[in-house]
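Derivation of every value follows stated rules applied to the coordinates shown; laboratory data play no part. No experiment lies behind these values; they were computed from the predicted model shown. All Cβ positions, even for glycine, are placed from backbone atoms using ideal geometry, and neighbour counts span all protein chains on display.
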Amino acid sequence: MNKKLAEAIQRDNELEDAGMHGDDRKTCWTHQSWAVDCENDPAHIAPSVSHYPRPA
């Protein structure tokens, strides 16, 4: 992961913790990437519990 992406993920995390809606993120928390790079992933298009990892 490059430094610019890591900083953007951290900034989005902080903004979301402060009340920003998750749909306003520029980064994807799930995929640790830019949101536009994974917006067509099934986890975003048709979310279901099968797309999320289960706790160990």
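I want to check the label-to-label distance for Asp17 and Leu5. Put each point 7 Å from Cα in the C-beta direction and report it in nm to one decimal. A separation of 2.2 nm, rounded to one decimal place. Ordering 13-26, 30-43 by mean Cβ neighbour count within 10 Å, with the highest value first, yields 30-43, 13-26. For Cys38 and Asp24, the difference between the fully extended length at 0.36 nm per residue and the C-alpha to C-alpha distance is 3.6 nm.
Rounded to the nearest whole Hz, the Karplus-based 3J(HN,Hα) values (6.51 cos²θ - 1.76 cosθ + 1.60, θ = phi - 60°) of the range 22-34 follow the sequence x, 5, 8, 5, 8, 10, 9, 5, 5, 9, 6, 9, 5, with x at glycine and proline.
Proximity of backbone amide H atoms, modeled 1.01 Å from N, is registered between Cys28 and Ser33, Trp34, Ala35 at under 5 Å, excluding neighbours fewer than 5 places apart on the same chain.
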